[in-house]
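The block underneath contains the structure these notes are about, expressed in structure tokens.
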Amino acid sequence: MATIEVENLSKTFGKTVAVDDVSFEAQRGRIFGLLGPNGAGKTTTIRMINYIIPQDSGKITIQGVRVSPKTQKMIGYMPEERGLYKKMKVGEQLMYLAQLKGLDASTAKKQIRYWLERFSASDWHSKVVGELSKGMSQKIQFISTIVHDPEIYIFDEPFSGLDPINSELLKEIIIELREKGKTILFSTHRMEQVEQMCDDICLFNNGKVVLTGNLRSIKKEFGKNTVLLEFQGDGTFLDELDDIRINNRSTNFAEIRILNGLDHQEILKKAMERAEIHKFQLVEPSLNEIFISTVGEDNIKNKEELQA
Amino acid sequence: MSWRQVYLVLRREYITRVKSKGFIAATILVPVGFVVLFGIGILISVWESDITFEIGVIDQTEVLAPSLEEMNEERYTDYSDLAEDSLRTLVQQEQITGYMILDEEHITSDKTLELIYSGSGGIQLLNSIQSDMREVIREERLQRAEVSQDIQNIFETSVSLNSRRLTAEGEETEDDTAFFTIVGMAMGFIIFFAIFGYGGYIMRGVIEEKTNRIVEVITSSVKPIELLSGKMVGVGALAITQFGIWIIALVGLSSIAGPLAASMMSDQSAQMQAMGAPEQAELPAFLDIPTIETSLIVYFILFFLLGYILYSSLFAAIGSAADSETDTQQLMMPVTIPIMLAYFIMFHAWRSPDSMLSVISSLVPFFSPIVMITRIAITEVPFWQIGLSMLLMVLTFVGTMWLSAKIYKVGILSYGGTASFKDIAKWIRQ
């Protein structure tokens with residue numbers, strides 16, 4: 001049984017269909033990535049899984065239980081729009097949030113002490129959150145998400161607004177949680193983060209799921225049909241190629257997706273005529289490329305954002 | 001609804017606010033303000049003698065000036081031996097406040113009197129000069145007409161009214177209408193300010209949670225309705241705490257201040273009597289406090305709480321729809337207007353508590369908390385009216401709570417811009 005099961009989920013706001021017949025499953029001990037451009041319906045889906053807003057139709061179960069106040073307590077959620085009470089002390093705040101998640105005071109106290117020590121933040125216990133630096137309060141935010149030791153973790157755009165140190169820290173936490181056998185779901189519009197961390201993915205566009213499954217097998221399915229090219233000299237030959245799509249282009253680099261079975265040796269030949277080739281490699285397509293070829297270039301909202 | 005969650009929310013609301021500097025400052029400063037006001041009240045009545053305004057009189061009749069001087073020695077001075085120009089100079093040098101020139105015609109006809117003065121003293125001075133003049137001229141006219149003493153006595157007639165209330169049980173009780181009018185006004189005022197004050201607390205709290213971006217973290221553990229009710233009860237408990245402290249402080253202080261002021265008064269009146277001013281010996285009216293019935297206090301608390309719950313959920317809804325505190329002005333309108341109307345109707349109810357307008361508006365749920373309590377304090381309101389107004393308020397509360405919960409639920413999760421009334425209507429229909 002999957003930890004999070006989403007079946008035929010739909011949600012409409014007025015005339016806009018935010019989530020349209022979405023289904024996917026997230027498994028225990030794995031990291032599940034929800035990706036797609038901003039406005040694709042990721043946050044709405046996550047809010048419904050967290051029982052913050054109700055779905056119009058469809059079914060969501062958490063460990064076999066339909067979403068309810070009870071399932072809320074099984075989840076640690078860090079929303080994209082996140083913050084803390086500025087005037088409350090760190091300790092009081094964590095205690096309040098932990099108790100809201102159903103912890104009793106003494107267990108909460110132990111957990112809070114453990115995590116503050118773990119992040120070498122024990123001195124902050126009696127500090128008012130408003131006095132903390134941004135990095136510090138981000139750490140407190142992590143603690144508030146995981147303090148009740150839930151089975152499931154949901155992070156909505158977790159890396160946005162994080163400083164590099166905290167980004168690394170969060171990655172470590174996520175990997176550690178996976179090793180402990182927890183279920184992690186996170187959303188992002190930055191494809192490269194998914195490539196680095198996720199086991200399974202679900203691609204969203206305009207409220208619909210366009211692709212879902214295991215990241216490795218999805219990539220394998222697409223085959224080695226992408227050329228990474230590094231060169232020195234005149235790059236205009238790239239413009240003369242037909243039946244290709246160039247995803248990542250700079251003065252001396254290009255990521256070329258071959259369409260319609262064009263022979264990649266043709267590309268190499270043309271390139272050698274005009275420039276000096278430093279590298280020519282045939283690879284699996286990037287997730288970004290997979291997304292574009294699945295959705296079709298014209299159907300992507302907020303396309304620029306995908307170019308991470 | 002989970003009561004544990006509501007309790008956790010209300011406890012946080014209560015504890016963080018009760019410990020805040022703003023709350024402590026307000027709680028202390030209000031009784032201090034009361035003491036200061038009370039003290040000023042005593043001081044004013046003890047040293048009632050206001051600043052004297054000296055009016056010079058050039059009297060060509062030779063009779064009016066002496067009687068004016070006799071009437072108020074400090075105010076009027078006979079300057080008949082000086083020329084008008086010298087008096088003008090005196091006014092300009094601010095040695096006297098003003099001057100009048102009186103002649104025979106003022107007695108024989110209703111010729112308009114003319115006062116030339118520096119402009120200080122205000123309407124009160126003008127009124128008292130007018131009445132002084134009326135009196136001396138009338139007296140002089142009566143004198144000249146050689147009317148009998150009887151008729152002169154008729155002109156001195158003064159009527160006083162002493163009223164007692166007859167209760168349904170046939171008892172006559174002391175009528176303290178004047179006092180209870182003030183009490184009723186005060187209670188209406190307090191509820192008016194309390195609704196704005198505590199409602200504002202809730203509204204700002206909701207906006208703060210939105211701008212701090214903590215609200216989504218909270219809603220992943222708590223239902224919006226739990227959060228809303230927890231807030232309302234928490235701030236309500238805060239209001240009760242604050243009022244409790246004030247009432248205790250008030251009772252305590254007035255039990256000390258009453259006798260203290262009375263002893264000061266008696267010292268003062270002893271002096272006054274020695275100086276031959278027995279009419280000053282009475283205690284100022286505000287120290288002679290008739291007892292406020294317990295039922296009035298109970299009604300006050302009930303109407304305060306009903307008014308609070310009726311309006312506070314709406315304030316929360318406004319907060320949830322706004323993006324920042326400065327954006328609330330327009331959204332506040334539908335809530336501000338009924339409260340302000342109630343406030344203005346209170347002034348009418350205070351003068352005629354049993355008029356049609358007063359009765360009907362005291363039954364309108366949005367006006368009741370302010371208008372009805374004023375009426376209850378001043379007049380005998382039939383119980384069915386009180387009961388009906390409370391029932392209507394409870395029913396309306398169910399409606400406003402339902403409405404607010406709908407707005408609140410959507411509003412707290414909408415970022416980036418204050419919602420328009422059109423948006424809010426959409427949220428309600430959702």
Any chance region A:190-211 includes a residue that's small (G, A, S) and surrounded by fewer than 19 Cβ atoms within 10 Å (Cβ to Cβ)? no
Show me the helices (runs of 4 or more DSSP H) found entirely inside region B:294-396 where at least 3 residues are free of Cβ contacts under 8 Å to residues at least 40 places away in the same chain. B:294-321, B:328-351, B:356-363
Evaluate the following for B:M187: is it within 23 Å of the chain's Cα centre (by Cα), within 26 Å of B:T336 (Cβ to Cβ) and away from chain A (no Cβ under 14 Å)? yes
Can you say whether A:D149 is of a type outside the set (A, V, I, L, M, F, W, C) and assigned to a helix (DSSP H, G or I), as far as the supplied structure shows? no
Mind listing whichever residues of region A:264-300 are exposed (fewer than 15 other Cβ atoms within 10 Å of the Cβ) and modelled with pLDDT under 65? A:D298, A:N299
Assuming A:G130 fulfils every condition listed in (1) loosely packed, with under 15 Cβ neighbours inside 10 Å; (2) more than 22 Å from B:R17 (Cβ to Cβ) apart from one, which condition is it? (2)
The lone exception for B:I207 - which of (1) in contact with a Ser or Thr (Cβ under 9 Å, 6 or more places away or on another chain); (2) buried (at least 17 other Cβ atoms within 10 Å of the Cβ); (3) more than 14 Å from every other protein chain (Cβ to nearest Cβ) it fails: (3)
Residue count, region B:100-158 (criterion: farther than 16 Å from B:Q60 by Cβ, free of Cβ contacts under 8 Å to residues at least 12 places away in the same chain and of a type in the set (D, E, K, R)): 5
State yes or no: is B:S86 assigned by TED's automatic domain parsing to the domain that holds B:S131, within 10 Å of B:I58 (Cα to Cα), surrounded by 13 or more Cβ atoms within 10 Å (Cβ to Cβ) and among the small types (G, A, S)? no
Hey, does region A:256-265 have a residue that's acidic (D, E), part of a helix (DSSP H, G or I) and farther than 21 Å from A:Q193 by Cβ? no
Mind checking which pairs have a first residue in region A:77-98 that is more than 9 Å from chain B (Cβ to nearest Cβ) and a second that is surrounded by fewer than 18 Cβ atoms within 10 Å (Cβ to Cβ) and part of a loop (DSSP other than H, G, I, E, B), Cβ under 6 Å, 6 or more apart or different chains? A:K89/A:S126; A:V90/A:H125; A:V90/A:K127; A:G91/A:H125
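Yes/no matrix, rows are residues, columns are (1) hydrophobic (A, V, I, L, M, F, W, C); (2) part of a loop (DSSP other than H, G, I, E, B); (3) within 11 Å of chain B (Cβ to nearest Cβ); (4) under 24 Å from the mean Cα position of the chain (by Cα):
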{"position": "A:T71", "(1), (2), (3), (4)": "no, no, yes, yes"}
{"position": "A:G102", "(1), (2), (3), (4)": "no, yes, yes, no"}
{"position": "A:A108", "(1), (2), (3), (4)": "yes, no, no, no"}
{"position": "A:E117", "(1), (2), (3), (4)": "no, no, no, no"}
Within region B:1-31, how many residues are facing another protein chain (nearest Cβ under 10 Å), part of a helix (DSSP H, G or I), open to solvent by 40 Å² or more (accessible area, probe 1.4 Å) and among the aliphatic types (A, V, I, L, M)? 1
Of the residues in region A:174-189, those that are farther than 22 Å from A:T71 by Cβ and surrounded by fewer than 22 Cβ atoms within 10 Å (Cβ to Cβ) come to A:I175, A:E176, A:E179, A:H189
Just need a number here: residues in region A:40-72 that are among the charged types (D, E, K, R) and touching a helix residue (DSSP H, G or I) at 6+ places or on another chain (Cβ under 9 Å). 1
Candidate set from region A:3-15 (those that are within 14 Å of chain B (Cβ to nearest Cβ) and within 11 Å of A:G41 (Cα to Cα)); member that is most open to solvent (accessible area, probe 1.4 Å): A:T12
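Provide a single number: the residues in region A:45-77 that are touching a Leu at 6+ places or on another chain (Cβ under 8 Å) and either on the phi < 0 side of the Ramachandran plot or among the hydroxyl-bearing types (S, T, Y) (or both).
Adding up the residues that qualify gives 11.
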Given the residues B:F53, B:F34, which is the only one that is touching a helix residue (DSSP H, G or I) at 6+ places or on another chain (Cβ under 8 Å) and part of a helix (DSSP H, G or I)? B:F34
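Given the residues A:R66, A:R47, A:R118, which is the only one that is under 22 Å from A:G135 (Cβ atoms) and open to solvent by 20 Å² or more (accessible area, probe 1.4 Å)?
A:R118
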Among (1) in contact with a Phe, Trp or Tyr (Cβ under 6 Å, 6 or more places away or on another chain); (2) under 30 Å from B:A237 (Cα atoms) - the single one B:F196 does not satisfy: (1)
In this structure, does B:T157 turn out to be open to solvent by 50 Å² or more (accessible area, probe 1.4 Å), in a loop (DSSP other than H, G, I, E, B) and under 23 Å from B:T77 (Cα atoms)? no
Of everything in region B:202-222, what is of a type in the set (K, R), in a helix (DSSP H, G or I) and within 21 Å of A:M48 (Cβ to Cβ)? Give them in sequence order. B:K210
Exception for A:E276 within (1) more than 26 Å from A:L211 (Cα to Cα); (2) touching a Leu at 6+ places or on another chain (Cβ under 8 Å); (3) not in a helix (DSSP H, G or I) falls at (2)
When restricted to B:S352, B:S358, the only residue modelled with pLDDT under 90, in the same structural domain as B:K210 (by TED's automatic domain parsing) and out of contact with any Phe, Trp or Tyr (no Cβ under 6 Å at 6 or more places or on another chain) is B:S352
Mind counting the residues in region A:1-26 that are farther than 18 Å from A:M74 by Cβ and of a type outside the set (F, W, Y)? 16
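The values are calculated or read from the model by the stated rules, or taken from the named source; none is laboratory data. All figures in this text were calculated on a predicted structure; none of them were measured in a lab. Counting neighbours? That spans all protein chains shown, and the Cβs are built from the backbone with ideal geometry, glycine included. Side chains included, ligands, DNA and RNA excluded: accessible areas come from the protein's heavy atoms. Shrake-Rupley method; radii C 1.70, N 1.55, O 1.52, S 1.80 Å.
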